[in-house]
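Since the structure comes first, as structure tokens, the remarks are kept for the end.
The values are calculated or read from the model by the stated rules, or taken from the named source; none is laboratory data. Bear in mind the structure is a predicted one, so any value in this text is a computation, not a measurement. Here the Cβ positions follow ideal geometry from the backbone for every residue, glycine too, while neighbour counts run over all protein chains shown.
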Amino acid sequence: MSITNESIHGLSHRLANKEVTSVEATGQFLERIKAVDETVNAYITVADDHAIAQAQEADRRLSSGTNITPLTGVPVSVKDIFCTKEIRTTCGSKMLENFIPPYDATLITKLKAAGAVILGKNNMDEFAMGSSTENSAYSPTLNPWSTAHVPGGSSGGSAASVAADECAASIGTDTGGSIRQPASCCGVVGLKPTYGRVSRFGMIAFASSLDQAGPLTKDVEDAAILLNVMAGHDPADSTSIDAPVPDYTASLKEGVKGLKIGIPKEYFIEGIDPEVDVAVKSAIEVLKEAGAEIVEVSLPHTAYAVSVYYLVATAEASSNLARYDGVKYGMRLDPTGNLTDMYRATREAGFGAEVKRRIMLGTYSLSAGYYDAYYKKASQVRTLISNDFNAAFTKCDVIVTPTAPSPAFKVGERTEDPLTMYLSDIFTISCNLAGIPGISLPCGLSKEGLPIGLQILGRSLDEETVLRAAYAYETATEWHKARPKL
């Protein structure tokens, strides 16, 4: 097997057995990026020199046998939303085109401490606002399975880099499905942990009560390995949960016998692509045959999730993005020397159309006279959505749904219709509003040869059971082994 085809655990084994060095592996991934990324556009910045230096340090560790982890020497990529010292961090926006952070995000610090090699920064929808990675200021990422189709978003570059074997794994962020939906579109595994399980310090904010970082990987075991490194309390993040972190790989192989799997009727709706419906229902049968008990559950406020999300998320975005005004860092245009003109010119040139749209929506919903009618009401319904999940989990251990209502759509197909684009996340948004963990993993291919994703949701802080159910399905099927032919 080629080095670039390897999973984290597969490559870690080869590194430990001295079959390959980290420098050699990193070199092969960098060559792979040069060979295919002109087509895929999964990276905004490739950090060749930094990566080779980290690989050399990893080889020293591996030779001495000190500070070895399953990630030591393994080349990974990260979404361009995490601050990386001495490597530019754009967040997919012209606003931060030349921003080079003076520090690392906590997550980056953890990856480096584990010995991972960071190949570069992945393309993304600007400020994580989008479902297709078409909103990037650095041209769209294309789906490795079909370059006529989108890779999903906003972590489309991260998902595409994993699917195209341009890294062993990647780190994305998920505000309303931005890890799980591109994982579904690109045929990889994507895990959104419980809100607060992974530090957000140094992660550029979109919607602070929803954003969460998580892994995009080639299989479920890799997702567990990465979460072991990523999870944990961080005093630098006031929303970080101070709770014990288990070894997520320890219970992977316990199977689903005796587990109760909830199927919410609200997620199997009119309008879902028939091929998605068939693939997900077939996956449910696989879990049943593996010993799981299937029960019907109800999440009655699901119909309001998209509306609630696009009020809460845009309101928080309006507040968070106010800092990009040309004063302290990032783009600055000062055409007249007048402060108001400087603000206006900087924000007009620095932000793309979708970001402006969401800032305006959020500012309106927070404005005097409208706050109670929109943001306050949305926050109240958000509580009802969370209560729905709490009630459902009294009857089951995990909930299984489609990840997305259709396979990847064509490039340009939904850019002129924002509402249709927003509905791409209809099955993923509720998970973020409730703050619970969720995973997407491959469960089929459409007639066009495009991946279909299965979503598994769990109780707050119970990523173990989510991963266990996902691993049981994965080991009973072959879908995760399918690879695009670039």
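Numbers for the structure displayed
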| quantity | calculated |
| --- | --- |
| Long-range neighbours under 7 Å by Cβ, at least six apart or interchain, first residue touching a residue at least 60 places away in the same chain (Cβ under 8 Å) within the range 4-15, second of a type in the set (S, T, N, Q) and surrounded by 18 or more Cβ atoms within 10 Å (Cβ to Cβ) | ILE8/THR217 |
| Test: residue in the range 57-64 that is among the hydroxyl-bearing types (Ser, Thr, Tyr) and free of Cβ contacts under 8 Å to residues at least 24 places away in the same chain | yes |
| Some residue of the range 346-359 being among the acidic types (Asp, Glu) and at pLDDT 95 or above | yes |
| Cross-chain or 6+ apart pairs with Cβ under 9 Å, the range 137-163 first and on the phi > 0 side of the Ramachandran plot, then surrounded by 24 or more Cβ atoms within 10 Å (Cβ to Cβ) and assigned to a loop (DSSP other than H, G, I, E, B) | SER139/ASN123; GLY152/SER131; GLY152/SER132; GLY152/THR133; GLY152/GLY177; GLY152/SER178; GLY152/ALA404; GLY152/ALA408 |
| Extreme residue, surrounded by the fewest Cβ atoms within 10 Å (Cβ to Cβ), among residues of the range 445-481 that are farther than 17 Å from GLU221 by Cβ and either more than 20 Å from the chain's Cα centre (by Cα) or free of Cβ contacts under 8 Å to residues at least 12 places away in the same chain (or both) | LYS447 |
| Single condition ALA313 does not satisfy, out of (1) surrounded by fewer than 16 Cβ atoms within 10 Å (Cβ to Cβ); (2) farther than 21 Å from PHE409 by Cα | (1) |
| Residue list for the range 361-374, filter: in contact (Cβ under 8 Å) with a residue 40 or more places away in the chain and surrounded by fewer than 20 Cβ atoms within 10 Å (Cβ to Cβ) | LEU361, THR363, LEU366 |
| Elements of type helices (runs of 4 or more DSSP H) contained in the range 1-110, each with 2 or more residues being touching a Leu at 6+ places or on another chain (Cβ under 9 Å) and acidic (Asp, Glu) | 48-64 |
| Residue satisfying condition, being closer than 23 Å to VAL220 by Cα and not small (Gly, Ala, Ser), within set THR84, THR72, THR66, THR45 | THR72 |
| Given (1) of a type in the set (A, V, I, L, M); (2) out of contact with any strand residue (DSSP E or B) (no Cβ under 9 Å at 6 or more places or on another chain); (3) closer than 26 Å to THR383 by Cα, number of the condition ALA476 does not satisfy | (3) |
| Selected residue (criterion: nearest to GLY176 (Cα to Cα)) from residues of the range 337-359 that are exposed (fewer than 13 other Cβ atoms within 10 Å of the Cβ) and of a type in the set (S, T, N, Q) | THR340 |
| Qualifying residue in the range 114-128 (condition: in contact with a Gly (Cβ under 6 Å, 6 or more places away or on another chain), surrounded by 24 or more Cβ atoms within 10 Å (Cβ to Cβ), among the small types (Gly, Ala, Ser) and part of a helix (DSSP H, G or I)) | no |
| Index of the failed condition, LYS485 passing every other in (1) on the phi < 0 side of the Ramachandran plot; (2) crowded, with 18+ Cβ neighbours inside 10 Å | (2) |
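Table: residues versus (1) modelled with pLDDT of 95 or more; (2) farther than 29 Å from THR39 by Cβ; (3) outside any strand (DSSP E or B).
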| position | (1), (2), (3) |
| --- | --- |
| THR401 | yes, yes, no |
| GLU413 | no, no, yes |
| THR420 | no, no, yes |
| SER424 | no, no, yes |
| GLN455 | yes, no, no |
| LEU467 | yes, yes, yes |
